[in-house]
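Trainee: Mind having a look at this structure? Questions to follow.
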Amino acid sequence: MSQKFELKNLATGKSTQLDVMSGSLGPDVLNISQLTKDMGVFTFDPGFMATASTESRITFIDGDAGELLYRGYPVAQLAERSNFLEVAQLLITGKLPTKAEYDAFANSITRHTMLNEHLLRFYQGFHHDAHPMAMVSAVVASMAAFYRDATDIGDPRQREIFAHRIIAKLPTIAAAAYKHTLGQPFVYPRNDLRYCANIMNMFFAVPCEPYAIDPVAAEALDLLFILHADHEQNASTSTVRLAGSTGTNPYAAISAGVASLWGPAHGGANEAVIDMLDEIGSVANIDKFLARVKDKNDHVRLMGFGHRVYKNFDPRAKIIREMCYRVLDKLGKGNGPMFELALKLEEIALKDDYFVSRKLYPNVDFYSGIIYSALGIPRSMFTVMFAIARTAGWVAHWQEMVTDPHMRIGRPRQLYTGPGKRDYVPFEQR
Ligand code: CMC
């Protein structure tokens, strides 16, 4: 028998019953959709601390166990045995593709990598020191103006073309933003290269000399992208869903997701971690820095630590930390002072009661910047790399939402605390 909760207003004695909804994994959820009708009240949950904003079949996180599943598959298995494009296809379609399906998908992504030349001219309007995330968000938004054939979100073929196009073009858009900041000529995508090798080439090749793609670097990037591909209803994904729930052009919704990802509490943390490590400078300064983090009057946070859902190790952080050893070694860079500093900082923080009592562990971004740096990717591009990977998740969630027959506009309510109704007062009487 399905469970029910009873909610009673102790002042009036009025009560209502709430249905309990059970998912396939994770805690049950109280269905409060009839609450306002039955009891005349809203619920209050700033930051969605205890609110499931949607039903979803894509990704599951067990925050206490430190587990992350994409369509049921543990992320560690995918990181070890799959590749980013296959993971993207898995997220979007819900199943591991056959070899033929995978080849068709990979081929379609490869054939959509070029940017319209008119779109490329947009970059000329940006100052050379514009943040790449601002450029990427703006150029993705302007794709809504270019691709009018994506406006019928009810058409499965249009949705598919949109999905392939945005996953294919995000690297090209990102590389163009990077080349713009350097003042170097834009490098066109190469269809003979795999997804991440092509990114390395577009970022680092120049027309005046040959560029050899390091397979270790391309492989490391692919692994990072798998780890970043989706993370259920995080802020940027929820932003894509909220924007998309109005029926807006999907490129516009993705652009909103890029903007949301940029913040330091979310995807911008990878850049902030390296800034923080620079600021700390050496192991000798860790204690002083942590004292500032613990001081409530000094709004400093240990960046790359803590997570709304994980109250245990972020499984992605564990994989990336291991990857740091391997990649730095393979690239012949040794552990490097920054990695050594991060390891020591983690070790000290994990023994400190402030972090232990609040269940604050390293998250995915604590070590990702160290790898990006080792690959030669500049700091301002770290969050852009995250955006390229997360596009797969955004597309999967957008598609899940718009194909749901029960889709409705996302429209939260509020607890109003402003002034009561009052009359306008002309200037001379104020
Ligand atoms: N450094 C110091 N204190 C922290 C930190 C931190 N990084 N994170 C949380 N706390 C403290 C916070 O001050 C609060 O303490 P108290 O109970 O005494 O007031 C307690 O821990 C709970 O924190 P919260 O801010 O209520 O937690 P939240 O779930 O709202 O925030 C978070 C989650 C990720 C925004 C936060 O942990 C944070 O700001 N971390 C640093 C930024 C970061 O690394 N972000 C990347 C997240 S993972 C990548 C992604 O998915 O985007």
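Trainee: Restricting the search to segment 88-138, which residues are hydrophobic (A, V, I, L, M, F, W, C) and loosely packed, with under 12 Cβ neighbours inside 10 Å?
Mentor: Result: 100, single match.
Trainee: Shifting gears a bit: Report those strands (runs of 3 or more DSSP E) wholly inside segment 29-83 carrying at least 1 residues which are in contact with a helix residue (DSSP H, G or I) (Cβ under 8 Å, 6 or more places away or on another chain), at pLDDT 95 or above and within 17 Å of residue 233 (Cβ to Cβ).
Mentor: Here the list reads 59-62, 67-70.
Trainee: Can you pull out the residues in segment 63-102 that are acidic (Asp, Glu) and touching a residue at least 12 places away in the same chain (Cβ under 8 Å)?
Mentor: 64, 67, 86, 101
Trainee: Let me ask something else. Can you name the residue in segment 250-281 that is surrounded by fewer than 24 Cβ atoms within 10 Å (Cβ to Cβ) and in a loop (DSSP other than H, G, I, E, B) and is also nearest to the chain's Cα centre (by Cα) among such residues?
Mentor: Residue satisfying both the conditions and the ranking: 266.
Trainee: Also, quick follow-up: I need every pair where a residue in segment 228-239 that is in contact (Cβ under 8 Å) with a residue 24 or more places away in the chain and more than 10 Å from the ligand (Cβ to nearest atom) has its Cβ under 6 Å from the Cβ of a residue that is in a helix (DSSP H, G or I) and aliphatic (A, V, I, L, M), sequence separation at least 6 or different chains.
Mentor: Listed pairs, sorted by first residue: 229/87; 229/389; 229/392; 230/91.
Trainee: So, residue 151, is that one of a type in the set (Ser, Thr, Tyr) and under 22 Å from residue 387 (Cα atoms) or not?
Mentor: Here the answer is no, as residue 151 does not meet what is asked.
The values are calculated or read from the model by the stated rules, or taken from the named source; none is laboratory data. Just so you know, these numbers come straight off a predicted model, no measurement behind them. Positions of Cβ are backbone-derived with ideal geometry, glycine not excepted, and every protein chain shown enters the neighbour counts.
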